[in-house]
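First up is the structure itself, then whatever we jot down about it.
FYI, it's all coordinate maths here, none of it is from the lab. As the structure is a computational prediction, the values presented were derived from the model and not from experiment. As a convention, Cβ positions derive from the backbone with ideal geometry for all residues, glycine included, and neighbour counts pool all protein chains shown.
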């Protein structure tokens, strides 16, 4: 076995949120790169690499053997967390899928409603749907970090269950815990801003009420500065 591979920016950001010494479940693991990397770096105690599709799981199993991680990482055919139990995972990574699918996976796993569980979530689309779901279902969004992968910008969220149902104005569902001083967050939100401006213009053209969309646009510009006044 040669030198351990480097994770792409999206997975490496997920890896930053994994706590040392934990048991990990990687949902939608594909080729099992994340759990293998965490195991080889000595960060985790164990991992279940899970996927709903047999072929990627077979690839993951081959990679686990290739890098000598059989004693730490195991594979599991599972629809989300359906075939994984609470005592197998402390840190749960659900990455590389749409927000609606992530929320449905969380919703089916009641055992995630524990302050001991650390959720690391990376939505490929509609992150605002995920943030809204988390707040309305008793999960605290602890932190977020934007990342870039193949020229596209994404966010990674860390969430923990507190049981506290929260309300927030609509701008939070789009901004979340992203920080003003982070340049990647600015670029990520610039993409969101362009989509919102397009929706606002289309809504106004069709005679629809765009008050909420316009409020979010104003809040992003107010918090993140003149960087966004450029329409490009």
- Message: Please compute the contact order of the chain in relative form: average sequence separation of alpha-carbon pairs under 8 Å and at least six residues apart, divided by the residue count, as a percent.
- Response: 15 percent
- Determine, for each peptide in 98-104, 66-72, the mean count of other beta carbons within 10 angstrom over its residues, then list the peptides with the highest first. 98-104, 66-72
- What order, most packed first, do the peptides 207-213, 45-51 have when packing is the mean number of other Cβ atoms within 10 Å of each residue? 45-51, 207-213
- Message: Once R0 is set to 22 Å, what does the formula 1/(1 + (r/R0)^6) return for the Cβ-Cβ distance between residue 206 and residue 136, expressed as a FRET efficiency to the nearest 0.05?
- Response: 0.15
- Query: What FRET efficiency comes out for the pair residue 214/residue 100, r = Cβ-Cβ distance, R0 = 25 Å, nearest 0.05?
  - Reply: 0.50
- How far is helix 127-136 tilted, in degrees, relative to the longest principal axis of the Cα atoms in the chain, given as a value from 0 to 90 rounded to the nearest 10? 80 degrees
- Task: Mind checking the full-extension length gain between residue 85 and residue 113? Use 0.36 nm per residue of separation minus the Cα-Cα distance, one decimal, nm.
- Result: 8.8 nm
- Cα-Cα pairs in the chain separated by more than 23 Å, as a whole percent of all pairs, come to 50 percent
- Task: Divide, for the range 183-229, the radius of gyration over alpha carbons by 2.2 N^0.38 Å, where N is the residue count.
- Result: 1.16
- Query: Based only on Cα atoms, what Rg/Rh ratio does the range 43-129 have, Rh being taken as Kirkwood's radius?
  - Reply: 0.97
- Note on the structure: Under the rule rounded for a/c under 1.5, else prolate if a/b exceeds b/c, else oblate, using alpha carbon gyration tensor axes a ≥ b ≥ c, the range 100-232 is classed as prolate
- Item | Gain on full stretching of the segment that runs from residue 65 to residue 129 - 0.36 nm per residue minus C-alpha separation | 19.3 nm
- Rank by packing, highest mean first: peptides 145-155, 127-137, 21-31, with packing defined as the count of other Cβ atoms within 10 Å averaged across residues. 21-31, 127-137, 145-155
- Rounded Å value of the spacing that divides the Cα centres of the range 158-229 and the range 15-58: 32 Å
